[in-house]
Structure formats: structure tokens, C-alpha cells
Amino acid sequence: MGNFLAGKVVAVTGAGRGIGRAVALCAAAEGASVVVNDYGVSVDGESPASEVAEAVVKEISAAGGEAVAVADDVSTMAGGQRVVDVALSSYGRLDGVVCVAGILRERMLFNMTEDEWDPVVATHLKGTFTVFRAASAVMRKQQAGTLIGFTSGNHQGSVSQANYSAAKGGIISLVRSAALGLNKYGVTANAVAPVARTRMSAGVPMSLAEIGEPEDVAALVVYLLSERAREVTGQVYTVAGPKIAVWAQPRELRAAYASGGWTPETIAEFLPGSVGVDPMPMLSQVAGMERAAREGERPNA
């Protein structure tokens with residue numbers, strides 16, 4: 001047992017398996033009391049089972065740590081609130097929340113149904129909001145706390161996961177909004193974009209050049225939850241095995257002005273050579289994947 005999070009209370013959603021489980025175990029090993037939340041569903045969000053969260057609590061308890069299980073669905077306001085309420089009723093405070101819960105339902109955009117869109121956005125994006133909403137009210141009164149959302153490199157876009165990518169992009173904007181709105185209350189907010197071997201990454205149709213284990217991600221999360229990261233907010237970090245990277249903040253690249261206003265004709269004449277475009281890196285990756293698929297090879301990321 002360590003003491004990086006000694007005395008802290010941390011709630012982790014999606015903590016029954018994969019990265020969420022690794023975060024819960026690592027936080028407990030570093031001295032935190034942990035609320036283990038998991039609805040216990042399969043990768044596509046079906047067949048909930050409360051035993052998944054209970055099993056992680058038993059692991060933590062067997063190692064000498066403190067933990068309690070919550071099997072509620074955080075895509076509902078009541079479920080997000082319950083995660084926070086259990087932390088308060090069990091331990092009297094809440095110092096950090098880590099929102100890892102997520103599901104996948106893959107389909108090309110032109111074939112995607114409402115039933116494939118709504119649950120993915122609800123679990124990832126709304127599930128982060130419900131917990132952030134309930135936790136931020138507590139942390140504002142405490143004048144301290146940490147919110148951590150989980151995004152993905154796929155916030156850049158995805159060929160067959162428009163639902164997932166849209167939700168992950170939304171989480172980044174939610175985190176940045178939380179960082180801005182809660183800074184004066186001593187509350188930080190950051191996002192993690194992991195690349196690790198999990199149930200969800202197993203179906204990625206490419207060989208990932210940089211990938212690690214859930215425990216690599218957990219180490220970064222525990223740091224962000226700690227007092228050592230009190231000045232870190234509004235950031236998006238990738239962790240992929242031995243690599244940690246920070247994503248750029250959104251900003252304008254180039255601008256142009258027209259004294260008399262724009263028309264479609266003047267834009268067509270002026271924009272390509274002045275404002276131009278910002279190349280989309282994923283387009284070249286997709287093109288490479290398509291070439292490899294035609295040649296019968298497994299593409300590299």
C-alpha cells in the first residue's frame with residue numbers, strides 16, 4: 001500500500017473491468033477509499049450484472065483497502081447522483097471522480113440507427129455529465145476536488161464509430177468547461193485518452209503501434225487525483241504504454257479579413273491561398289488502411 005492518495009475518497013465509473021478496474025485498484029493501493037461503480041454490462045451495453053462491481057470491492061478489501069460498490073447506470077441523473085451520494089454516506093466526502101464507463105455500437109454513419117447512437121452517447125457523454133454534475137456541487141462547497149473524464153484519440157474522428165467519436169469529443173469540451181467554471185472553487189478537471197489493451201480495444205481493426213496496459217493509464221489517473229497535480233486543469237493527456245502526451249488546446253491557425261464583407265466569389269478566390277485548410281491526419285491513416293485491406297494486410301496505426 002502506498003500513500004499518494006492517503007485520506008482521499010475517489011469514485012470510479014466503469015470500474016468493474018479494464019481501465020476502470022485498474023484505476024480503482026491503484027487508487028485504493030495508494031490509500032484512497034474507493035466507490036466502485038459499474039453497471040456490469042457487455043461491450044454493447046447489454047446484460048447488466050451487479051456482481052462485476054462487487055468483485056472489485058472484494059479485491060480491494062482483500063488487499064487491505066476500503067471500497068464500496070454501486071451498480072447504478074450513470075447514463076441516468078439518478079445513477080450519477082447515487083455514485084456521489086454513496087461516497088458521502090460511506091466516507092463523508094468526495095475528492096475525485098473518474099468517469100471511465102463506456103460501450104460500443106459500431107456502424108457506418110449512413111447505416112447507424114437511433115438505437116445505436118443514443119446509448120453510446122448516453123453512456124459516455126451523459127454518463128460523464130451526470131457524475132460531474134453531482135460531484136461538482138459537493139466539490140464547490142469543499143473548495144477542492146478533481147474531475148477526470150475519459151476521451152479517446154478517436155475524438156479526431158472515426159470511420160465506423162461516429163457515435164463514439166462524437167461522445168468523446170463532447171467529453172473534452174465538457175472537461176474544458178468544467179475547468180473554466182470550477183477553477184475559482186479550487187476544483188480541477190482533466191481528460192485522459194488511453195491506448196491500452198481492454199475489451200473495447202480488442203476489436204480495433206488495425207495494429208496499434210503504441211499501446212500499453214490498463215495499469216499504465218491508472219498511474220496517470222492517480223497522479224491527476226493527487227495533490228501533486230493541484231495546478232493541472234483543462235488538459236487532455238494520452239497515455240500509451242511508456243508514452244505520455246498532451247494534446248494542444250484548440251486555437252485559430254490563420255485568419256483573413258474583408259473590408260467590404262465576403263461573397264461566395266471572393267471567398268473562393270481568396271480562401272484557398274490565404275486561410276487554406278488544416279490537414280486532417282486521420283485521412284491519410286484511413287487511406288493507408290484501405291490500401292492494406294485491398295492488399296490483404298493488417299494495417300498499422
Checklist entry - How large is the dipole of the chain about the Cα centre if only Lys and Arg carry +1 and Asp and Glu carry -1, each at its Cβ, rounded to the nearest 20 debye? => result 760 debye
Item to check | Amide H contacts under 5 Å for Ala11, placed H, 5+ residues apart | outcome: Val35, Gly96, Val97, Val98
Checklist entry - With all protein chains present, how much of the accessible area of the chain (probe radius 1.4 Å) comes from carbon and sulfur, to the nearest whole percent? => result 54 percent
Checklist entry - Among 248-260, 76-88, 14-26, 214-226, what's the highest-first ranking by average C-beta atoms within 10 angstrom per residue? => result 14-26, 214-226, 76-88, 248-260
Item to check | Amide hydrogen neighbours beyond the local backbone of Gly145, cut-off 5 Å, H modeled | outcome: Thr188
Checklist outcome for this item: Given unit charges at Cβ for Lys, Arg (+) and Asp, Glu (-), the dipole magnitude of the stretch 87-127 about its Cα centre in debye, nearest 20, is 200 debye
Checklist entry - Relative contact order (percent) for the chain, with alpha-carbon contacts under 8 angstrom and 6 or more residues of separation? => result 15 percent
Item to check | Whole-Hz couplings from phi, Karplus 6.51/-1.76/1.60, listed for the stretch 168-174; x for Gly and Pro | outcome: 5, x, x, 4, 4, 5, 5
Checklist entry - Taking H as built 1.01 Å from N, whose amide H comes closer than 5 Å to the amide H of Gly40, not counting residues under 5 places away? => result Ala49
Item to check | Per-residue HN-Hα couplings for the stretch 282-287 [Karplus 6.51, -1.76, 1.60; θ = phi - 60°; Hz; x = Gly/Pro] | outcome: 5, 4, 5, 5, 5, 4
Checklist outcome for this item: As a percent rounded to 5, the proportion of antiparallel DSSP bridges among beta bridges in the chain is 10 percent
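Tell me the relative contact order for the stretch 93-152 as a rounded percent, counting alpha carbon contacts under 8 Å between residues six or more apart. Don't skip to the answer; put the middle values down first.
Numbers: 51 pairs, mean separation 33.8, N = 60.
Dividing the mean separation by the residue count of the stretch 93-152 yields 56 percent.
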Checklist outcome for this item: Given the candidates Gly212, Gly260, Gly7, the one whose Cα lies deepest towards the positive end of the charge dipole of the chain, counting +1 at each Lys or Arg C-beta and -1 at each Asp or Glu C-beta, is Gly7
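Taking the mean number of other Cβ atoms within 10 Å as a proxy for protection, how do you rank 229-242, 119-132 from highest to lowest? Let's see the in-between values first.
Details: 229-242: 16.5, 119-132: 24.3.
Output ranking for 229-242, 119-132: 119-132, 229-242.
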Next on the checklist: As I understand it, the dipole of the chain uses +1 on the Cβ of Lys and Arg and -1 on the Cβ of Asp and Glu, about the Cα centre. Which of Met108, Ile172, Gln142 lies farthest toward its positive end?
Outcome noted: Gln142
Item to check | HN-Hα J in Hz across the stretch 274-280 - Karplus 6.51, -1.76, 1.60, θ = phi - 60°, x for Gly and Pro | outcome: 10, 6, x, 10, 10, x, 9
Next on the checklist: Please report Rg (one decimal) and Dmax (integer) in Å for the Cα set of the chain.
Outcome noted: 20.7, 72
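Please calculate how many Å² of accessible area the chain carries per residue, with a 1.4 Å probe and no DNA, RNA or ligand atoms counted.
Using a 1.4 Å probe on heavy atoms only, each residue of the chain averages 49 Å².
The values are calculated or read from the model by the stated rules, or taken from the named source; none is laboratory data. Remember, it's a predicted structure, so these values are computed and weren't measured experimentally. Using ideal geometry, Cβ is built from the backbone for each residue, glycine included, and neighbour counts are taken over all protein chains shown. Keep in mind that these areas ignore ligands, DNA and RNA; they rest on the heavy atoms of the full protein, side chains included. Shrake-Rupley method; radii C 1.70, N 1.55, O 1.52, S 1.80 Å.
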